[in-house]
Amino acid sequence: MINIIGTGSCLPKKSFSNTDLEKIMDTNDEWITTRTGIKTRHMLTDDETIEDLAYESAKRALEDSGKTTSDIGLVIVACFTPTHLCPNVACYIKMKLGLENAIAFDMNSACSGFIYASYIAKALLLQNPEHKNAIVVGAESLSSIINDEDRGTFVLFGDGAGAAVFSSDEGLELKDDFIKNYDDVDGSIKIKSPNKHNKLSNVPDNSVQFHMNGANVFKFATGVIDELIKKINAEQSAWFIPHQANTRIIDYATKKLGIDNEKFYINIDKYGNTSAASVIIALDEFLREGKTKKDEEIALLAFGGGLTAAAMKLKVGGKYS
């Protein structure tokens, strides 16, 4: 069996409140909060890169796991907003951590990315025991691709990174999992170029531009949460950690499913939507609050551009119980 034995996360040092956004666009705190649940989000500054955040989150997860650099045989990073396409973020982490025995690569499934990458890591560790342990990272710098004149998307997103160490040692056991791609609808994330320099973050002039049809994505997300929970038999799970996209999506889903929304861990108010980093940042924060008990189940749920969706059920054991 494969388990999560350590987690870590890292956010940019500067956060921006809804009040800060009022100064650069036609919006206000009440409008953003009532429609999204977001109060603040973190964005990269001139002296930070998403690679730095990814490395730091991986370092913290490795320290939390008790493993050494020589124990790691695999690094997978879920990211569609790297500073450079090549070398990739995973190779940067391998170099900075000194992971001499690791193979390293990036992959992109947008907001579902961390669970997709976890799915791949689990399969590789089971099929290739020589890899021993893996670090899986979700990292995004959404501020680098968002047009700051589009308040419909700019207010939603933040930057950040989170990581987990996967091992055969006792910990959060990876139980049922599920990944799926859907036929695109008019609402999927679209990326095009170029974009003008954003006012709040370190965005190069040749950056790409992000567009999303929020209404159709909302319809997709509220419907797919039900499917994800059923696919991994998570109806009776003690906790649910969803992709932090919008509190209205989660509220709608919990009412439809008849699940107490207190079972859903939410931190979007602090960080906004951090895409591939969203679920793992939330899981790391949740675990550090010490709420879990032995043999409880935690369901991770994600959905995003592609369109993609993914879910994974964890059984609590080891130091988390």
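For Val77, the residues 5 or more places off, or on other chains, whose built amide H falls under 5 Å of its own are Ala90, Phe105, Asp106, Met107, Val137. Across region 237-244, computed HN-Hα scalar couplings (Karplus, 6.51 cos²θ - 1.76 cosθ + 1.60, θ = phi - 60°) run 4, 6, 9, 10, 10, x, 4, 8 Hz from first to last residue, x flagging Gly and Pro.
Counting trypsin sites (Lys or Arg not before Pro) as exposed when in a DSSP loop with at most 15 other beta carbons within 10 Å, what is the longest stretch of the chain free of them?
Between the exposed loop sites, the longest stretch runs 24-195.
Between Tyr252 and Asp26, the FRET efficiency estimated from the beta carbon spacing at R0 = 35 angstrom works out to 0.85. Only aspartates and glutamates eight or more places from Lys256 in sequence, or on another chain, were considered; those with a Cα closer than 20 Å are Asp226, Glu227, Glu235. Extending 7 Å from the Cα toward the beta-carbon at both Arg288 and Asp47 defines two label points whose distance is 2.2 nm.
Which one of Ser112, Phe154, Thr27 is farthest out on the positive end of the charge dipole of region 3-170, using unit charges on Cβ (Lys, Arg +1; Asp, Glu -1) and the Cα centre as origin? Toward the positive end, the furthest listed residue is Ser112.
For the residue pairs Lys59/Lys219; Lys96/Lys122; Lys231/Lys315; Lys291/Lys313; Lys39/Lys255; Lys67/Lys293, alpha carbon separations beyond 26 Å are given by Lys59/Lys219.
Every number in this text was worked out from the coordinates using simple rules, so none of it is lab data. Keep in mind that what you see is a predicted model, and the values were worked out from it rather than measured. Counting neighbours? That spans all protein chains shown, and the Cβs are built from the backbone with ideal geometry, glycine included.
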